[in-house]
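Okay, structure first, notes after.
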Amino acid sequence: MRPELRKDLDVQDFLSYYWLKEELQVFCRENGMSAAGSKMEITDRIAAFLQTGEIHKPAKKKKAPTKEVLSELNLDTVITENHRCSQTVRAFFKSVIPKFHFSTYIQHYFKENAGKTYRDVVHAWYEEEERKKDPSYKKQLGSQFEYNQFTRDYFADPKNKGSNREEGIKAWNVLKKLPGSNKYRG
């Protein structure tokens, strides 16, 4: 059974179980820690706290370029190491691709392709749209979407043919209380 999240919990026990982001945020607030950031950032902060007793502040993000720079976006704009998928960047791409949105695929494309241009992003977007037309295509899920990946894998397993949503949720609720990976195990 999953242990209670307390400040005397062993760090390995903490890392072995699934926690909702809200649970992690409550723990942070109760222990004088920042509850800001992604689930993974909060998890890392709590793990450091459980291991050392030290409270780490969230890493400061590099400031976005000024508005003057962002207003000059064009297809030749180069993707930088610290690129941010901001509302301004979204607006620029929507002006070029009306149905544009930041998919997991496109966000990874930005992270992994510093030095390429926004023109390359447009090509990558349309290539992904073509791949989506294949009936066997599955959208890439971010690592933070453990539940979504579990349910996708659960319903893809022939043993679960005919299972309904409630049965999938029940299987997830059992698994997330166990130590170890939250991946579907069949």
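The values are calculated or read from the model by the stated rules, or taken from the named source; none is laboratory data. In this text, all values refer to a predicted model and were calculated from it rather than measured experimentally. We work out accessible area using only protein heavy atoms, side chains counted, and drop any ligands, DNA or RNA first. Shrake-Rupley method; radii C 1.70, N 1.55, O 1.52, S 1.80 Å.
Numbers below:
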quantity	calculated
Dimensionless Rg over Rh [the chain; C-alpha; Kirkwood]	1.04
Unsatisfied cross-links (Cα-Cα over 24 Å) in the set Lys21/Lys183; Lys99/Lys132; Lys57/Lys176	Lys57/Lys176
Computed over the chain: relative contact order in percent, which uses C-alpha pairs under 8 Å that are six or more apart	22
C-alpha long axis of helix 21-30 to longest principal axis of the chain, angle in °	70
Under-5 Å amide H pairs with Thr117, H placed in peptide plane, nonlocal only	Ile79
For region 1-129: accessible area per residue (Å², 1.4 Å)	65
Within the accessible area of the chain (1.4 Å probe), percent carbon and sulfur	52
Debye intensity ratio I(q)/I(0), log10, region 79-120, q values 0.20, 0.24 Å⁻¹ (C-alpha model)	-0.58, -0.85
Folded to 0 to 90 degrees: helix 39-52 orientation relative to the chain principal axis, Cα	50
Rounded tilt (10° steps) of 87-96 against the dominant C-alpha axis of the chain	50
Potential extension, Asn113-Arg90 segment - 0.36 nm per residue separation minus Cα distance	6.5 nm
Inverse of mean 1/r across different Cα pairs in region 106-186, Kirkwood, Å	15.2
Debye-sum result for region 1-66 in log10 I(q)/I(0), which assumes one identical scatterer on each alpha carbon, at q = 0.16, 0.17, 0.20, 0.22 Å⁻¹	-0.50, -0.56, -0.74, -0.88
